[in-house]
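As structure tokens, the structure follows; a few thoughts come after it.
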Amino acid sequence: MCRAGAVVADVLSKLQEIAEPGVTTADLDHMALQMAADAGAEPLFKGVRNPQARMPFPGAICASVNEQVVHGIPSGNARLKQGDILSVDFGVRLDGYCGDSAVTVAIGDISEEKRRLIDTTRRALDIAIAKAAPAVKWSEIAADMQHYAESAGFSVVRDFVGHGIGSKMWEEPRVPNFVSDELLADDIILTEGMVLAIEPMINAGSSAVRTLGNGWTVVTKDGKCSAHFEHTVAIVEGGCDVLTAK
């Protein structure tokens with residue numbers, strides 16, 4: 001999983017370098033596909049099926065711009081513009097094991113609110129990583145993430161959460177970025193050897209989202225921007241290791 005995570009980190013680092021005004025999200029997708037192939041890794045998202053969608057997911061990356069929360073489809077018509085924010089989610093399987101990570105980047109100069117949104121979402125993930133360790137209750141971490149985001153005036157997406165990860169992209173448990181009665185009733189106690197994809201998705205406005213007609217792309221209901229950060233994190237003695245860090 002460390003090796004899979006390193007491939008993901010390299011790809012996302014390169015995509016952040018080349019994401020600028022005039023580049024299309026298809027350009028980024030082609031780069032991710034080429035780098036994964038060069039590393040001998042299989043993109044996790046390409047070809048995934050969804051009963052709500054007429055087609056399997058066509059991209060190696062999810063490229064979500066501005067009000068798109070997750071599962072944005074890469075397109076040659078989606079040309080990045082000055083002032084956009086872009087969330088890129090990418091994962092691979094290498095020798096049977098998976099890595100998954102996401103980052104939100106500014107395209108050129110962006111507004112102060114968009115900058116705060118990105119910084120807050122990144123910091124929410126940092127908070128989780130700093131506290132993740134054996135014997136810690138996930139509800140305590142989720143509460144800290146939620147409090148930080150909401151104290152900044154933003155909202156935490158409820159419809160999509162993090163997850164376990166290993167030989168499969170999505171494994172138990174579900175890893176929410178907020179506290180709910182469901183989580184408190186069946187809390188996750190972190191244990192050594194557990195590997196989680198922790199991924200806060202935070203909206204500038206309401207937490208409410210909807211899915212577009214393509215069956216994949218999730219957007220904010222109020223049209224305000226969203227940001228998304230994710231790392232694959234292994235719980236180890238005394239804390240955790242981030243497997244998708246560059």
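Semi-axes of the stretch 94-187's equivalent ellipsoid from the Cα gyration tensor, sqrt of 5 times each eigenvalue, largest first, rounded to whole Å?
24, 20, 11
Once you list every other residue whose beta carbon is under 14 Å from the beta carbon of residue 222, what net charge do they have if Lys and Arg are +1 and Asp and Glu are -1?
Charge balance in the 14 Å sphere: +1.
Excluding residue 62 itself, what net charge comes from residues whose Cβ is under 13 Å from its Cβ, given Lys and Arg +1 and Asp and Glu -1? Don't skip to the answer; put the middle values down first.
Working: positive: 46; negative: 29, 89, 100, 199, 230.
Local net charge: -4.
Say the cut-off is 19 Å between C-alpha atoms; which of 46/168; 81/114; 46/224; 81/246 go over it?
46/224; 81/246
Return the Cα extents of the stretch 42-112 along principal axes one, two and three, sorted largest first, each rounded to a whole Å.
Sorted from largest, the Cα extents of the stretch 42-112 read 41, 28, 19 Å.
When the helix-only estimate is applied to the chain (DSSP H runs of n ≥ 4, each -39,500 (n - 2.57), divided by the residue count), what is the mean residue ellipticity at 222 nm, nearest 500 deg cm²/dmol?
-9000 deg cm²/dmol
Rounded to whole Å and ordered largest first, report the semi-axes of the equivalent ellipsoid of the chain derived from its Cα gyration tensor (root of 5λ).
The equivalent ellipsoid of the chain has semi-axes of 26, 22, 17 Å.
Answer with one residue from 99, 152, 51: the one whose Cα lies farthest towards the positive end of the charge dipole of the stretch 2-242, charges on Cβ with Lys, Arg +1 and Asp, Glu -1.
Checking the options against the dipole of the stretch 2-242, the answer is 51.
Quick one: net charge around residue 95, please, counting Lys, Arg +1 and Asp, Glu -1 for every other residue with C-beta under 11 Å from its C-beta.
Neighbour charge sum, excluding residue 95 itself: +1.
Take the Cβ-Cβ distance between residue 158 and residue 191 as r, set R0 to 22 Å, and report the resulting FRET efficiency rounded to the nearest 0.05.
For residue 158 and residue 191, the calculated efficiency is 0.30.
How many nm is it between the label spots at residue 116 and residue 46, if each spot is 7 Å from the Cα in line with the beta carbon?
4.0 nm
Laboratory data are not the source of any read-out in this text; all were calculated from the coordinates shown. Computed from a predicted structure; not experimentally measured. Cβ: placed from backbone, ideal geometry, glycine included. Neighbour counts: every protein chain shown.
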